[in-house]
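Engineer: I'd like to ask you about the structure that follows.
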Amino acid sequence: MDMSLTTLLALNLRCRGLDQEGSRAPGWRRERAYCVARDGRVVSFVAPELVEPMLGGCLGRWIEEAARRPGLPELARSVARFWLAFVAIHPFVDGNGRTAKAFLRSELERLGYRLLGFDLIDRYLIEGRPADFDRLTALFLVSIVPTGGMS
């Protein structure tokens, strides 16, 4: 899959069960977005005008790192880095987690790896833990396995 911002938009629509024509909210998030953490803190995501340029940088870094065909430890770091950046940017109105998961599954498959699942990562996030890069890297490290083939 040729990964670009346009491809990410289409992937988000598919993850949400929508098509380009029928979507009521296509494109990037256009409003401020907030969430309330389990500890009661209000978390603000990236400002809407920064979504596209920041996501472009995040995607560009992923493409650059993936092109080097890293070994598993470095790949786990790249996956954790992409995940944290994508979550912080929160580019879409809905389906951000589903889109990030679909993207990573597709990209890992292309690189000759399989993601066993997001169970450990989801459990970690549900517990409301802070964005701990080293812990997420360790979780991805045990959740990614080589398949033996690259496309």
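The values are calculated or read from the model by the stated rules, or taken from the named source; none is laboratory data. Since this is a predicted model, take the numbers as computed values, not measurements. Cβ sites come from the backbone with ideal geometry, for glycine too, and all protein chains shown count toward neighbours.
Engineer: From the residues in the range 114-139 that are within 15 Å of residue 97 (Cβ to Cβ) and aromatic (Phe, Trp, Tyr), which one is modelled with the lowest pLDDT?
Structural biologist: Only one residue tops the list, namely 124.
Engineer: Right, next: Every residue in the range 64-81 that is farther than 24 Å from residue 124 by Cα and under 13 Å from the mean Cα position of the chain (by Cα), please.
Structural biologist: none
Engineer: I need every pair where a residue in the range 45-58 that is without any contact (Cβ under 8 Å) to a residue 24 or more places away in the chain and part of a helix (DSSP H, G or I) has its Cβ under 7 Å from the Cβ of a residue that is of a type outside the set (Phe, Trp, Tyr) and surrounded by fewer than 17 Cβ atoms within 10 Å (Cβ to Cβ), sequence separation at least 6 or different chains.
Structural biologist: Close Cβ pairs satisfying both conditions: 48/30; 48/31; 48/32.
Engineer: Considering only residues that are surrounded by fewer than 19 Cβ atoms within 10 Å (Cβ to Cβ) and of a type outside the set (Lys, Arg), look in the range 96-110 and name the one that is nearest to residue 41 (Cα to Cα).
Structural biologist: 97
Engineer: While we're looking at this one, here's another question. Answer yes if at least one residue in the range 94-106 is over 12 Å from the mean Cα position of the chain (by Cα) and either in a helix (DSSP H, G or I) or of a type outside the set (Lys, Arg) (or both), and no otherwise.
Structural biologist: Within the range 94-106 (the criterion being over 12 Å from the mean Cα position of the chain (by Cα) and either in a helix (DSSP H, G or I) or of a type outside the set (Lys, Arg) (or both)), the answer is yes, since at least one residue qualifies.
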